[in-house]
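Participant: The structure follows.
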Amino acid sequence: MKRCNFEMFPVNSPGSKNKLARSSLPFALTNKQGYPARVRRLNNHPAPAFKPPPPPLPSSAHHPPSPQLHHQVKMSSLPTTPFSVHGGCFCKAITYTIFIPAFESRPLLDSERHPPKRPFGAQTKVAARLPVISLDHCNSCRRISGAIIQAWFICPQRWATFSLLARNTSSDSNTSEERITPKTTAEVLRPSKELEEATYIKVFDSSEQAHRTFCGRCGTPLSFLYSGLGDEMSKEENWGPYFDIALGTLEKESAQIEGMRPGRQGWLDDGIGWVKQVFDEGGKSLGIEKVDTV
């Protein structure tokens, strides 16, 4: 096999015939026709035909928009037709179903007299009625949940049904588990000693009027109830008795229902500075311009 020999001509040498090459390169490689080339092959091998470079692409063609990076999220509302959501603790010892009726049957929020102090996102007509989905910056909720911010799904107690695993249920997979269904949600939000002993529901009173339930087996924080007498909205002529369920305890399918997102924020004075800034400014407040998702 013959070895290919290569010649390089300095820019200013007689062998260099290309003005562009002389003006921009420290040396020029040319073929017999005088066209610039990377190498000049000898031993009677003809040089390859010259192909002019393709025209430059427009600037937008170098960086086409990515559907993953450049998209708009549609801020939609919860369904106006009846629907249900499901959730529970991590170990499933406590589960719940919340049935949301048709839009016209949902209690009004009285937004005209008591508009949200800190609305979050688009405020649609569906947001004028329960349920409320709220971001809670409260110091107590942050510490008790262990999350930097808590999110609540707030609704009337009558919409919810709980199912509790009995403690005497055998761990044998061949034995059907025994579950207890309390008659009212109030029995779960402030459980009796007998119900706590028979199931895994536990309650912690973070104050005299603040009651929080959690699972005694896996530790998942579940609900919040305020029992103060000064709550006008808990009266039957308004919302009726209501409660907060931790939004993160929803099953994934329920959490991804169209419109299942916060519509307001609360207790901002207790909030962590950088967290509030993120919700106001997005990732830019952390020096993040965009996130490349794969």
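The values are calculated or read from the model by the stated rules, or taken from the named source; none is laboratory data. This one's a predicted model, so the numbers in the text were calculated from it and none came from an experiment. Methodologically, a virtual Cβ is constructed for each residue, glycine included, from the backbone with ideal geometry; neighbour enumeration extends over all protein chains shown.
Participant: If you go through the stretch 197-215 one residue at a time, how many are hydrophobic (A, V, I, L, M, F, W, C), surrounded by fewer than 21 Cβ atoms within 10 Å (Cβ to Cβ) and either in contact with a Phe, Trp or Tyr (Cβ under 6 Å, 6 or more places away or on another chain) or part of a strand (DSSP E or B) (or both)?
Facilitator: At the first step, the residues of the stretch 197-215 found to be hydrophobic (A, V, I, L, M, F, W, C) are 198, 201, 203-204, 210, 214-215.
With the extra rule that they be surrounded by fewer than 21 Cβ atoms within 10 Å (Cβ to Cβ), the set shrinks to 198, 203-204, 210.
This time we only want the ones that are either in contact with a Phe, Trp or Tyr (Cβ under 6 Å, 6 or more places away or on another chain) or part of a strand (DSSP E or B) (or both), so: 203-204, 210.
Number of matching residues: 3.
Participant: For residue 262, only one of the following conditions fails: (1) more than 25 Å from residue 77 (Cα to Cα); (2) surrounded by fewer than 21 Cβ atoms within 10 Å (Cβ to Cβ); (3) touching a Phe, Trp or Tyr at 6+ places or on another chain (Cβ under 8 Å). What is its number?
Facilitator: (1)
Participant: If residue 278 satisfies every condition in (1) farther than 30 Å from residue 208 by Cβ; (2) modelled with pLDDT of 90 or more; (3) surrounded by 14 or more Cβ atoms within 10 Å (Cβ to Cβ) but one, which is the exception?
Facilitator: Of the numbered conditions (1) farther than 30 Å from residue 208 by Cβ; (2) modelled with pLDDT of 90 or more; (3) surrounded by 14 or more Cβ atoms within 10 Å (Cβ to Cβ), the odd one out for residue 278 is (2).
Participant: Mind checking whether some residue in the stretch 218-232 is among the charged types (D, E, K, R) and surrounded by 16 or more Cβ atoms within 10 Å (Cβ to Cβ)? Write out each step before concluding.
Facilitator: Applying the first criterion (among the charged types (D, E, K, R)) to the stretch 218-232 yields 231-232.
Still in the list and also surrounded by 16 or more Cβ atoms within 10 Å (Cβ to Cβ): none.
Looking through the stretch 218-232, none of the residues is among the charged types (D, E, K, R) and surrounded by 16 or more Cβ atoms within 10 Å (Cβ to Cβ).
Participant: Further question: Hey, could you check the stretch 95-145 for residues that are among the β-branched types (Val, Ile, Thr) and out of contact with any helix residue (DSSP H, G or I) (no Cβ under 7 Å at 6 or more places or on another chain) and say which is surrounded by the most Cβ atoms within 10 Å (Cβ to Cβ)?
Facilitator: Checked the stretch 95-145; the qualifying residue surrounded by the most Cβ atoms within 10 Å (Cβ to Cβ) is 132.
Participant: Among the listed residues 266, 240, 219, 282, which satisfies the condition of being at positive phi, touching a strand residue (DSSP E or B) at 6+ places or on another chain (Cβ under 6 Å) and not hydroxyl-bearing (Ser, Thr, Tyr)?
Facilitator: None of the other options fit; the residue is 240.
Participant: For the structure I just gave you, tell me whether residue 158 is at pLDDT 95 or above, more than 32 Å from the chain's Cα centre (by Cα) and either under 22 Å from residue 98 (Cα atoms) or surrounded by 14 or more Cβ atoms within 10 Å (Cβ to Cβ) (or both).
Facilitator: Judged against the criteria, residue 158 is not a match.
Participant: What are the residues in the stretch 66-117 that are β-branched (Val, Ile, Thr) and at pLDDT 75 or above, if any?
Facilitator: 80, 81, 85, 94, 95, 97, 98, 100
Participant: Exactly one condition in (1) among the hydrophobic types (A, V, I, L, M, F, W, C); (2) at pLDDT 95 or above; (3) in contact with a Lys or Arg (Cβ under 6 Å, 6 or more places away or on another chain) is false for residue 120; which is it?
Facilitator: Checking residue 120 against (1) among the hydrophobic types (A, V, I, L, M, F, W, C); (2) at pLDDT 95 or above; (3) in contact with a Lys or Arg (Cβ under 6 Å, 6 or more places away or on another chain), the one that fails is (2).
Participant: Just one of (1) within 20 Å of the chain's Cα centre (by Cα); (2) over 18 Å from residue 190 (Cβ atoms) trips up residue 233, so point out which.
Facilitator: Among (1) within 20 Å of the chain's Cα centre (by Cα); (2) over 18 Å from residue 190 (Cβ atoms), residue 233 violates only (1).
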